[in-house]
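Okay, structure first, notes after.
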Amino acid sequence: MGYLLYSLSFLVLVTGTLLFLTRARWIPAFQDAFHSLTQHLPGGEYLYSRLAPGSFEDDIEAGLSSSTFDLTGNVEGGDGRAGLDDAAKREVLRIMKKRRLKFDEARRVYMEQRFQENGIGADGRPRDPKFVSFS
């Protein structure tokens with residue numbers, strides 16, 4: 001019985017290690033399969049929207065720019081960076097779709113959620129009871 005448990009544990013460890021080391025190969029295929037699966041479900045286009053890693057032009061086209069958060073200066077200045085953070089873009093787009101908000105409001109909601117997760121109050125001050133401020 002001990003030999004069987006040892007073999008099973010070793011097999012799980014080796015399989016997990018191989019999956020971790022080869023994740024760059026199989027995760028995109030899994031994401032594509034998940035994307036095609038959700039498109040066939042009723043309302044599936046709202047469950048997942050894939051963002052390709054892109055540039056600031058792609059972010060502007062996706063609606064992630066406004067007069068108060070203007071990305072055209074980055075484009076006109078020839079900024080070669082990859083654009084906005086992919087995880088933040090997905091979350092802001094999800095908030096925009098779910099709550100039917102414009103970009104600025106969705107960005108505000110996203111930042112408030114991030115502040116709350118990190119223990120920061122709506123006024124920008126830490127909620128830590130041990131926090132002391134000399135101002």
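The values are calculated or read from the model by the stated rules, or taken from the named source; none is laboratory data. All figures in this text were calculated on a predicted structure; none of them were measured in a lab. A quick note on method: Cβ atoms are made from the backbone with ideal geometry, for glycine too, and the neighbour counts reach across all protein chains shown.
Laid out as a table, the results:
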quantity: Per-region count, region 90-127, residues surrounded by 10 or more Cβ atoms within 10 Å (Cβ to Cβ), among the acidic types (Asp, Glu) and out of contact with any helix residue (DSSP H, G or I) (no Cβ under 7 Å at 6 or more places or on another chain); calculated: 3
quantity: Entirely in region 18-112, the helices (runs of 4 or more DSSP H) that have 3 or more residues that are modelled with pLDDT under 70; calculated: 23-39
quantity: Tabulated pairs, region 48-69, first under 16 Å from residue 103 (Cβ atoms) and among the hydrophobic types (A, V, I, L, M, F, W, C), second assigned to a loop (DSSP other than H, G, I, E, B) and at pLDDT 70 or above, C-beta under 6 angstrom, 6+ apart or interchain; calculated: 56/71; 60/71
quantity: Verdict on residue 6 being of a type in the set (Ser, Thr, Tyr) and at pLDDT 85 or above; calculated: yes
quantity: Residues of region 113-128 satisfying the condition of being in a strand (DSSP E or B) and in contact with a Gly (Cβ under 9 Å, 6 or more places away or on another chain); calculated: 126
